[in-house]
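The values are calculated or read from the model by the stated rules, or taken from the named source; none is laboratory data. All figures in this text were calculated on a predicted structure; none of them were measured in a lab. Quick reminder, even Gly has a Cβ in these numbers, built from the backbone with ideal geometry, and neighbours come from all protein chains shown. These accessible areas exclude ligands, DNA and RNA; they are computed on the full protein's heavy atoms, side chains included. Shrake-Rupley method; radii C 1.70, N 1.55, O 1.52, S 1.80 Å.
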Amino acid sequence: MSEKLSGETTYFPPQAYDEHLYETFADAASLQSYEYLNGNPEYRKEQKDKFLSGDIQNPRLDYPDIDLAKLTQAESDLLSMKQHIIANEQNEVVKQTYRWRLNEKIAEVRMLKAVASEDMSRFKRYCDFIYGKPSPDIFAYTVNSIRTKAEASINSEDETINRIASDLLKLLPVMNEPQITELPDGSVINYAHKQTLKEMGNLINIPEEVSKLDAAQIQEAFESALQQIGDTDWRVAIDEQTSRTAVSVNQEEMKVNIPQSRSVAKAKLAGLIVHEIGTHVARRVNGERSRLKLLGLGLDR
């Protein structure tokens, strides 16, 4: 739909099929489980040190961000929304896509509740439902790669490295060669790199003279990228509290979090911007501008 105004054409996007559902869904279901798995930095360092020194075999992690009362309420809200859609939604595509997506989010909430109650059996069941079971071939490939590195270190002059490599080889199973396709060679990777820069290079605005950027400079580069995709709702914040060191996107708060201690090389930052803004944020923004706004938060699995 368009309208002439002073010689210019203004575009008005058509109403989305799920306009009446999306905001309610986003409020209830935009949670990302990994955002709730932070712990107390001092306590987790203590557990890590005890594990590395051999004092404990299985570190016990804390999850202070998991609130069982809030998760129970979220589960109830999602179940109610699912029943309402099944009973009342007339568009079959909207009904089915939301039903599948709600099943996934309900499972995700229940997975977090299993973490809080330390019920690993339920945790595994919901993990398998949401993410699928690990590929045997990828598992074998990964184990064999680690074994190869450990074997190369078994005769190290450093006694610590020697001991760790020896212990690791005792723990890791011996796997058959996986039935896995050949990995891409350098030419394919270079081509993908060039195409990515061609399509998303406009997002990258980093001063030429800078080789390594601190948290404030990273924030400025990310804010510039958000302006390029034409978004006004997202914000970039420096996080002084988190124990994380990685830049992350929070879909619930529509926020890019940058740890205060984070610094990054220019080339690495370019990749982070393309991934976090060009993938995660752009998907949210473009999806919400489409005829099916649910695409903004992604379909199930």
Taking only DSSP H segments of four or more residues, each worth -39500 (n - 2.57), what value at 222 nm results for the chain once the sum is divided by all its residues, to the nearest 500 deg cm²/dmol?
-17000 deg cm²/dmol
For the stretch 176-184, 3J(HN,Hα) per residue [Karplus equation, 6.51 cos²θ - 1.76 cosθ + 1.60, θ = phi - 60°, Hz, x = Gly/Pro]:
5, 4, x, 8, 10, 5, 5, 5, x
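Sorted by packing (mean other beta-carbon atoms within 10 Å per residue), highest first, where do 14-26, 161-173 land?
Sorting 14-26, 161-173 by mean packing, highest first, produces 14-26, 161-173.
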At q = 0.09, 0.14, 0.16 Å⁻¹, what is the base-10 log of I(q)/I(0) for the chain according to the Debye formula with one equal point scatterer per Cα and no solvent? Please give it to two decimals.
-0.66, -1.45, -1.51
Amide H within-cut-off set for S248, under 5 Å, with H built and near neighbours excluded:
N257
Loop GluC sites (Glu not before Pro), the stretch 121-170 (other Cβ atoms within 10 Å of the site Cβ: 13 or fewer; DSSP)
E157
The size of the Cβ-based charge dipole (Lys, Arg +1; Asp, Glu -1) of the stretch 256-301 about the Cα centre, to the nearest 20 debye, is 60
Accessible area per residue, 1.4 Å probe, Å², for the chain: what's the number?
64
With a ≥ b ≥ c the root eigenvalues of the C-alpha gyration tensor of the stretch 123-199, is it rounded (a/c under 1.5), prolate (a/b larger than b/c) or oblate?
oblate
Estimated dipole of the chain in Debye, rounded to 20 [Cβ of Lys and Arg +1, of Asp and Glu -1, Cα centre]:
620
Tell me which residues come under 5 Å, amide H to amide H, from I56 once H is placed; ignore anything under 5 positions away on its chain.
F51
